[in-house]
Each structure stands twice: as C-alpha cells, then as structure tokens.
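Beneath this line is the structure, given in structure tokens, with notes to follow.
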C-alpha cells in the first residue's frame, strides 16, 4: 500500500482531525492507531478525538483504541474515566465503562466508577452494562451482591412500550440475570425473585423472574 509514502501520514492525520465526514475521521483514527502507533503525534491525535470529536462514533473508536494500544500510558485511564462519567453520549459511556472494567480491574478507582455508573447513570444501557461488568469482574468482592440486589429492585427503568422492547435492556432484569447466574444459592435470591414476580412493573421482568424461580426450585 501507500503506508511508506512520505505524504500518507500527513493526509491521514488531516482526515482524523478535520475531515467533515465522521466516517472518514473514524477510519483515519483507526488507521493511525494500527499503522503509526509509534509516531510521536499519533497518541495526542487519538486522545483529542476521544475527548473532543463532535461525533460519538469517532469518540467511541478513539476510546477503544486508547484502551487497546496505550493502556500503560499515564493519561489513558483518566481520559477513559472522564468518558465513562461525563461524555454526553450513552454509547461512549457504555464503551468506556466496558473497557475500564476489562482493562483496569485492579485500579483502585475502577470499582467505584462502575458501581456509580450502575446506580446513577441516567441511561439504562450504561446502567445495564455496568451491572454486567460488576457481576463478571467483581463477583467475589464483598458488597457486589448488595449492589446487584439494589439494582434489581430499585432501578428506575420504564419501558417505552412493546415496539421498543427488542431495543431496550432493562437494568433490573440484567441484575436478576447476573444474580441467578452467579449467586443462585444466596439466601436472598429466591425471595428477590418472588418479590419481582409480585411487584415489578415490567411484564418481561416478571416473566424472567418466574422462569428463574422455576429452575431454582
């Protein structure tokens, strides 16, 4: 290809930073990370894309590339943390929560960030993702059952109706699924399922709870 041509890098840098088309910028970010990782300008271009690009898909790509290619860089954790907590777009926050949980499980701040996302993010997709990651990565940690229990009972999700159901992820059901998967023998699990069968406002959750209870009894 044209990778060795002296003008190629400058052209791709320009595409990544200032092309009007978000698909072009996203592709250029990916190509820079793949082909010019060691170039001194690449990291700052991708950092800027993760934090400041106007398009959420470009920011998602840049966050993922930072996590993949620059995990050990001292600024990477802070940039992804910021994306997880403050990005305006829920898709960016979903990606940031996932890569933090999977790449920085041992970092002292990660668990708190994920717990906070599970409890307080204003978007149900982010809360569901955080619940999944809590169960997957920290199931042995004291207090995780309580976090999942709290989400299964108290998450404020309200479905937009049957026609939206295939696109929606109810964090209460996600929490129940993780509890049944990882804590089937916990003394509170059956009572929680019974409570959801009787009291959850969402028919899908009631149905899941009933099926789960049938398997456990």
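Computed values, structure above
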{"quantity": "Test: residue 146 is surrounded by 20 or more Cβ atoms within 10 Å (Cβ to Cβ) and at pLDDT 95 or above", "calculated": "no"}
{"quantity": "Count - residues of region 204-217 that are touching a helix residue (DSSP H, G or I) at 6+ places or on another chain (Cβ under 9 Å) and exposed (fewer than 13 other Cβ atoms within 10 Å of the Cβ)", "calculated": "3"}
{"quantity": "Yes/no for residue 37 being over 20 Å from the mean Cα position of the chain (by Cα) and either under 21 Å from residue 114 (Cα atoms) or not in a helix (DSSP H, G or I) (or both)", "calculated": "yes"}
{"quantity": "2 or more residues closer than 15 Å to residue 94 by Cα: qualifying helices (runs of 4 or more DSSP H) within region 110-217", "calculated": "110-120, 124-138, 171-182"}
{"quantity": "All positions within region 42-70 that are out of contact with any helix residue (DSSP H, G or I) (no Cβ under 7 Å at 6 or more places or on another chain) and part of a helix (DSSP H, G or I)", "calculated": "43, 44, 48, 52, 68"}
{"quantity": "Sole residue being out of contact with any strand residue (DSSP E or B) (no Cβ under 6 Å at 6 or more places or on another chain), under 28 Å from residue 126 (Cβ atoms) and exposed (fewer than 15 other Cβ atoms within 10 Å of the Cβ), chosen from 22, 14, 47, 82", "calculated": "82"}
{"quantity": "The one condition in (1) at pLDDT 95 or above; (2) under 23 Å from the mean Cα position of the chain (by Cα) that residue 195 fails to fulfil", "calculated": "(2)"}
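Residues are listed down the side, and each one gets a yes or a no for (1) in contact with a helix residue (DSSP H, G or I) (Cβ under 7 Å, 6 or more places away or on another chain); (2) within 19 Å of residue 173 (Cβ to Cβ):
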position: 93; (1), (2): yes, no
position: 96; (1), (2): yes, no
position: 114; (1), (2): yes, yes
position: 126; (1), (2): yes, yes
position: 136; (1), (2): no, yes
position: 143; (1), (2): no, no
position: 154; (1), (2): no, yes
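The values are calculated or read from the model by the stated rules, or taken from the named source; none is laboratory data. A quick note: this is a predicted structure, and the numbers were derived from the prediction, not measured. Virtual Cβ from ideal backbone geometry, glycine too; neighbours counted across all protein chains shown.
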